[in-house]
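The values are calculated or read from the model by the stated rules, or taken from the named source; none is laboratory data. Every value quoted in this text rests on a predicted model; they were computed, and no experiment measured them. These area figures cover heavy atoms from the full protein model, side chains too; ligands, DNA and RNA do not enter into them. Shrake-Rupley method; radii C 1.70, N 1.55, O 1.52, S 1.80 Å.
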Amino acid sequence: MKRKNLIFLATAVSVVGLLALTKERHRLREDHKQEDMMAQLRSYFSQKGDIQVVYVNTYDKSDEATTGGVVMEDGRQFEFTYYEGEILSREVNHD
């Protein structure tokens, strides 16, 4: 009986460890994707001038696209949609 309990416990610990490892790998992959996206956005918008701030709309989380905006040092503002390396942007006019 002790042997069965020991095998069960070892299996349970292994499964929990594997789940934790899988979750950590997923988190690291997501962090890397986020860093790549920010680098691409900064590169894209730096061609338009000096960037003051880049922000991402966290409330608009979908697997399809990421939205956000950029404020330039000269006051211009842009909205963007980022999807699989493609950036669509438009300047926002505050009239």
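Annotated for the chain: lysine pairs at least 8 residues apart or interchain, Cα distance under 30 Å, count 6.
If you roll a 1.4 angstrom probe over the protein chains with everything in place, what fraction of the accessible area of the range 1-70 belongs to carbon and sulfur, to the nearest %? List each step's numbers first, then the result.
Values: 3400 of 5850 Å².
Reported share for carbon and sulfur atoms: 58 percent.
For the chain, the longest principal axis of the alpha carbon atoms and the long axis of helix 2-46 meet at an angle near 10°. Size estimate for the range 1-53 follows the Kirkwood approach: the inverse of mean 1/r over distinct Cα pairs works out to 14.6 Å. Per residue, the chain exposes 82 Å² of solvent-accessible protein surface, assessed with a 1.4 angstrom probe and all protein chains in place. The Cα-based radius of gyration and maximum Cα-Cα distance (Dmax) for the chain are 21.8, 78 Å.
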